[in-house]
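Colleague: Take a look at this one; I'll ask things after.
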Amino acid sequence: MDPLTADLLERINSYVEERFAPLDPVLQRNLDASHAAGLPAINVSAAQGKLLYLLAKISGARRVLEVGTLGGFSTTWLARALPPGGLVVTLEVDPAHADVARRNLDGAADGVTIDVRVGDAAESLHQMIAQSEAPFDLVFIDADKIRYVVYLDLALRLSRRGTVILADNVIRHGLVMDEITDDESARGARAYNALIAAHPRLESIVLPILRDTVDGLAISIVR
Ligand code: SAH
Ligand code: DHB
Ligand code: MG
């Protein structure tokens, strides 16, 4: 992207974040601690965190499932949208990420239980299905993009009519539009978009998300 466009996107995002998604000390400490622990800075933006929070509130979610925890930044936004007694189950394959997240999430959302589960997300989801876990009200998919379609299939088995299913990084600065690309994450996101666009159990849209590049959030509701 040319630098002027990148700068404009970044300034638009900052304009929105300054007004609508300022970081309180807990969220700022989350980012600082994640950075200090060497985690990659691939968390959602503050503006997108606010969007996740609003979608969870608008849908009246009480039980949230997240696939891909990292340091728990998006987890915090989602957990704060839940009423007292709410639950977030968040799945993370990397034990070091999960450790950082647990510390970051301690006391991050009053009255809400946050359960960080370590392990491959597909395995954890299969386990939850086998244990007849109650359906979730909202699912946020944000782990390895190459398996988004697998996560969707499993998430649908933990859903009910009206469950909201979200997925991050489904535009990848337009790479998802390329029929042929070396970027396997873009291929995974492209397959996800094709699946939700035609899925008989879903109504969906992809919303572009501006940062310094353009990415996207997939939003679906289960029929
Ligand atoms: N949702 C976070 C960012 C998640 S980054 C936020 O916005 O704050 C993606 C995370 O998915 C990484 O921590 C990575 O370790 C994890 N991940 C990758 N493959 C996974 C898998 N197979 N199962 C569970 N988590 C996985
Ligand atoms: C990557 C992963 C993400 O979830 C994200 O939002 C941005 C980048 C990555 O793996 O590079
Ligand atoms: Mg992401």
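The values are calculated or read from the model by the stated rules, or taken from the named source; none is laboratory data. These numbers come from a predicted model, not from an experiment. Please note: Cβ atoms are built from the backbone with ideal geometry, for glycine as well, and neighbour counts cover all protein chains shown. SASA here: full protein model, heavy atoms, side chains in, ligands and nucleic acids out. Shrake-Rupley method; radii C 1.70, N 1.55, O 1.52, S 1.80 Å.
Colleague: DSSP beta bridges in the range 110-223, what fraction antiparallel, as a percent rounded to 5?
Modeller: The answer is about 80 percent antiparallel.
Colleague: Any idea of the accessible area per residue across the range 135-207, 1.4 Å probe, to the nearest Å²?
Modeller: Value for the range 135-207: 47 Å² per residue.
Colleague: How far apart, in nanometres, would the label points at Arg19 and Ala33 be if each is projected 7 angstrom from Cα along the Cα-to-Cβ direction?
Modeller: Label at Arg19, label at Ala33, 3.2 nm between them.
Colleague: Using the heavy atoms of the protein chains alone and a 1.4 angstrom probe, what is the accessible area of the range 1-133 per residue in square angstrom?
Modeller: For the range 1-133, the per-residue accessible area is 49 Å².
Colleague: What is the distance in Å between the Cα centroid of the range 1-67 and that of the range 94-118?
Modeller: 17
Colleague: Sticking with this structure for a sec: How large is ³J(HN,Hα) for each residue in the range 146-158, as worked out from phi by the Karplus curve 6.51 cos²θ - 1.76 cosθ + 1.60 (θ = phi - 60°), to whole Hz, x for Gly and Pro?
Modeller: The phi angles translate into 5, 10, 3, 5, 5, 5, 4, 4, 6, 4, 5, 7, 10 Hz.
Colleague: What full-extension length gain, to one decimal in nm, is calculated for Arg157 and Ile221 as 0.36 nm per residue of separation minus the Cα-Cα distance?
Modeller: 21.7 nm
Colleague: May I ask what percent, to the nearest 5, of DSSP beta bridges between residues of the chain are antiparallel? Mind showing how you got there, number by number?
Modeller: On the way: 14 of 33 bridges.
Of the beta bridges lying entirely in the chain, close to 40 percent run antiparallel.
Colleague: Follow-up question, since we're still on this one. Tell me the label-point distance for the pair Asp182, Lys57, using the 7 Å Cα-to-Cβ offset, in nm and rounded to one decimal.
Modeller: 4.4
Colleague: OK, next. Which of the peptides 164-177, 2-15 is most tightly packed, and how do the rest follow, going by the mean number of other Cβ atoms within 10 Å of each residue?
Modeller: The densest-packed peptide leads the list: 164-177, 2-15.
Colleague: Viscosity 1.567 mPa s, temperature 4 °C: what is the translational diffusion coefficient of the range 58-178 from Stokes-Einstein with a Kirkwood Rh over Cα pairs, rounded to a whole number of µm²/s?
Modeller: 89
Colleague: While we're looking at this one, here's another question. For the chain, what is the Kirkwood hydrodynamic radius in Å, using each pair of distinct C-alpha atoms? Display every interim value, and only then the final one.
Modeller: Working: mean 1/r = 0.0567 Å⁻¹.
Computed over the chain, the radius equals 17.6 Å.
Colleague: Right, something else. Rounded to a whole number, what % of the accessible area of the range 112-223 do carbon and sulfur atoms account for, probe 1.4 Å?
Modeller: Carbon with sulfur: 52 percent of the solvent-accessible area.
Colleague: Find out how many positive minus negative residues lie around Phe136, taking Lys and Arg as positive, Asp and Glu as negative, among other residues whose Cβ is under 10 Å from that of Phe136. Walk me through the intermediate numbers first.
Modeller: On the way: positive: Arg62, Arg63, Arg160; negative: Glu66, Glu133, Asp137.
Cβ neighbours under 10 Å give a net charge of 0.
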